[in-house]
Amino acid sequence: MSQIENVLHESRSFPPSSEFREQAHVSSEEQYQRMYAESIEEPEVFWDRVAKNLPWIEPYQTVLEPAEAGRARWFGGGQLNASAVCLDQHLEHNGDKVALLWEGEPGDSRSLTYAELHRDVCRLANVLRERGVSKGDRVAIYMPMIPELAMAVLACARLGAIHSVVFGGFSAQALADRIDDGQCQAVITADGAWRRGKVLPLKREVDLALEGRPEVHTVLTVRRTENEVAWQEGRDVWFHEAMEGASEECAPEPMDSEDILFLLYTSGSTGKPKGIMHSTGGYMVGAYLSARYVFDLKDDDVFWCTADVGWITGHSYIVYGPMANGATQVMYEGAPNAPHEGRFWEICAKYKVSVFYTAPTAIRAFMKWGDEHVEGHDLSSLRLLGSVGEPINPEAWMWYRRTIGGERCPIVDTWWQTETGGIMLTPLPGVTATKPGSCTRPFFGVDAAILDEDGNRLPTNAGGLLAIRKPWPSMLRGIWGDAERFEETYWSKWPGVYFPGDGARVDEDGCFWILGRVDDVINVSGHRLSTMEVESALVAHESVVEAAVVGRPDDLTGQAIVAFVTPGKGVGTSEELKQALQEHVAAEIGKLARPAEIRLTDALPKTRSGKIMRRLLRDIAAGVETVQDISTIEDQDVLVKLRGDDQ
């Protein structure tokens, strides 16, 4: 039953322009094939050449030491420091280059060069050291998207402390759970954060999270929103006061390549959040190379990844990857519709952003808000667009290309996970003929295949289980405190093969199409259908901007398809629209995929990173009570309204 039926077909293809191809780091199919073949067949040769671009404190002795079930070691014997990779190596020749162009939600802004960022990271590292933080200690970071967040991450890395960034929208309980699991001894936070014109009281949430936790000896607080905060003498320290007298000199701690750089928690559908561990050497090599080649980074680029540093996208493609390459970046504090729905495009025009990386859920929101919010903003500086998060439906991809990219910018639709550390499936913008909805081909060193339950490779266009068959440098090193869960979750399906939990297919051109989480596959009358394909068909209808599809138990068919649909602006809701959408899906895919029920809704339940929480929708569709963790949901009211429809 592992084969997933391929029912949606997409034939459009967009090769890179000759102008883009000529300037790209990887500029021909022959070059890609040669490099990819070497990365798979001779990984030690390939990754040795890549790793030598980083400033090692102590050279590594071996590139790769394979081991059982995810225990491979990369760059054995080598020592480096992630903070030095991101900052120190640029000081001599590029110290005056702008590292961060920061924009606050209220409109305030700052600019920090690599030299200035290095100075403040050293000062902060010294503050932490004076407060008793040392190599191997865990530090929780719970902050808004301000420059001090990047400083906190890099200061921990400089000391060899393990940072655990918790997204600033999480509840006090979610923060407490992560502090407890990681046994954190210090917290870095802010008084508050701006979000859609309102102040989120972060320090108050930290205080609640730390009740009964005397082992946390330091709470370092940045003054951002000037809201009143409670204060515990001895534990609480103002960031600006501590930084005033701190030394600007702090030598980076030599870290073994396999020393843990950070913990990052990712929630599963059941059980407590998993503390994913990433190492220093392999992770930094992977982040460096993927940022350079996927985004084709050049010295004069202005790169903007719209994610929060609280997620893996922000770790890899705001802090570590771009800074390892010495890039200039935009960092934005607030929401994409604050104070207005053209905010992102206003920022792109202001800073002349050239490479823009965002999520499909944001793209669909832009579509819903209307093209008028894009018009009037000069986006001519853009040369490359990217997508990250969920699979992007073809119509959103086409809107992105047309309305934001002016039909000239390649789109790199990337697939990867918190666990993989870096991008795994992606176009290379100077080589790959992109297809709307496809993440195209494996990145260097990624041996990807589509398998059945028994580990047999499936033929072209047969939907099955995505598998990664060889180790890669930025791979997760474990789950904090739970080796058994690590083995069971990722390495137990096939011996020595990583199972990411996604379904996919590969087309006749070798391009991968992600079909969504295997948990989200619907079994209708013995046919296994991908929810993503049904969602793509719905969003292709002119009246729809977003859709989520789940299965509910059905006595006749086993499962029935239920679609939660957000109509476009001014469309309204009606029984006629529901019927039209059912017929549209039947015409696009086939009667088999015709939803048994369509529910029209203003919004869908999402995590704070923008991913649709389909597991909650499954409970709603089935009419059962939700007993799963909902601490990561962005807006509880959406869930309440959807539940209200059941009453």
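Coordinate-derived values only; no laboratory data. What you see is a predicted model; the values in this text were computed from it and never measured. Neighbour counts run over all protein chains shown; Cβ positions are idealised from the backbone, glycine included.
Residues L101, L263, ranked from the fewest to the most other C-beta atoms within 10 Å, line up as L101, L263. The amide H of L100, built 1.01 Å from its N in the peptide plane, has L112, Q329 as neighbours under 5 Å, considering only residues 5 or more places off or on other chains.
Can you tell me the orientation of helix 114-130 relative to the chain, as the angle in degrees between its alpha-carbon axis and the longest Cα principal axis, to the nearest 10? Helix 114-130 sits at roughly 70 degrees to that axis. Stretching the chain fully between R408 and R196 yields a gain of 73.1 nm (0.36 nm per residue, less the alpha carbon separation).
Contact order, relative form, for segment 112-253: 28 percent (alpha carbon pairs under 8 Å, 6 or more residues apart, mean separation divided by residue count). With a Förster radius of 41 Å applied to the beta-carbon distance between K641 and E372, the computed FRET efficiency rounds to 0.90. Dividing the mean sequence gap of close Cα pairs (under 8 Å, 6+ apart) by how many residues segment 521-644 holds gives a relative contact order of 22 percent.
Ranked by how many other Cβ atoms sit within 10 Å of their own Cβ, fewest first, the residues H541, H584 fall in the order H584, H541. By the Stokes-Einstein formula, at 0.692 mPa s and 37 °C, segment 101-227 with its Kirkwood radius over alpha-carbon pairs has D equal to 222 µm²/s. Given axes a ≥ b ≥ c from the Cα gyration tensor, I'd like to know whether segment 234-325 is rounded (a/c under 1.5), prolate (a/b larger than b/c) or oblate. Verdict is oblate for segment 234-325. Segment 510-573 and segment 415-473 have Cα centres lying 22 Å from one another.
The R469 and E29 beta-carbon pair, evaluated with R₀ = 35 Å, returns a calculated FRET efficiency of approximately 0.90.
Between K350 and E244, the modelled label-to-label distance comes to 3.0 nm, taking each label 7 Å out from Cα in the direction of the beta carbon. Taking the helices alone, the chain has a mean residue ellipticity at 222 nm of -8000 deg cm²/dmol, built from -39,500 (n - 2.57) per DSSP H run of at least 4 residues and averaged over all its residues. Report the paramagnetic label zone for S381: residues of segment 103-136 whose backbone N is under 15 Å from a point 7 Å from Cα along the Cα-to-Cβ axis. From segment 103-136, the list is 103-104, 109-112.
The modelled label-to-label distance between E542 and R213, using points 7 Å beyond Cα along the C-beta direction, is 5.3 nm. Ratio of Rg to Rh for segment 393-521: 1.00 [Cα atoms; Kirkwood radius as inverse mean 1/r over pairs].
Footprinting exposure proxy ranking of E233, E241, fewest other C-beta atoms within 10 angstrom first, gives E233, E241.
Fully extending the segment from S111 to H340, taken as 0.36 nm per residue of separation minus the present Cα-Cα distance, adds 80.1 nm. Measuring how big segment 521-644 is from its alpha-carbon positions, Rg and Dmax come out at 14.0, 39 Å.
When peptides 87-94, 161-168, 220-227 are ranked by their average number of other Cβ atoms within 10 Å per residue, the highest-first order is 161-168, 220-227, 87-94. Pairs of C-alpha atoms in segment 175-259 farther apart than 19 Å represent 49 percent of all such pairs. Note: relative contact order over the chain, using C-alpha pairs below 8 Å and six or more positions apart, is 14 percent. Which pairs break 26 Å Cα to Cα here: K435/K611; K135/K298; K350/K611? K135/K298; K350/K611, as the Cα separations exceed 26 Å there. Rg/Rh for the chain (Cα atoms only, Rh after Kirkwood) is 0.94. FRET efficiency for the Q417 to R71 pair, using the beta carbon distance and R₀ = 22 Å, is estimated at 0.70.
For the pair E597 and R457 in one chain, pulling the backbone fully straight at 0.36 nm per residue adds 46.9 nm over the alpha carbon distance.
Straight-line cross-link reach from K606 at under 24 Å between alpha-carbon atoms covers these lysines, not counting any fewer than eight positions away in the same chain: K198, K272, K274, K368, K569, K578, K641. Using the empirical formula 2.2 N^0.38 Å as the baseline, the Cα radius of gyration of segment 290-393 reaches a ratio of 1.03. Helix 29-41 and the longest principal axis of the C-alpha atoms of the chain enclose an angle of approximately 70°. Partnerless cysteines in the chain, where a partner means another cysteine C-beta under 4.7 angstrom, comprise C86, C156, C184, C305, C348, C409, C439, C511. Model label sites at S171 and E575, defined 7 Å from Cα along the beta-carbon direction, differ in position by 3.9 nm.
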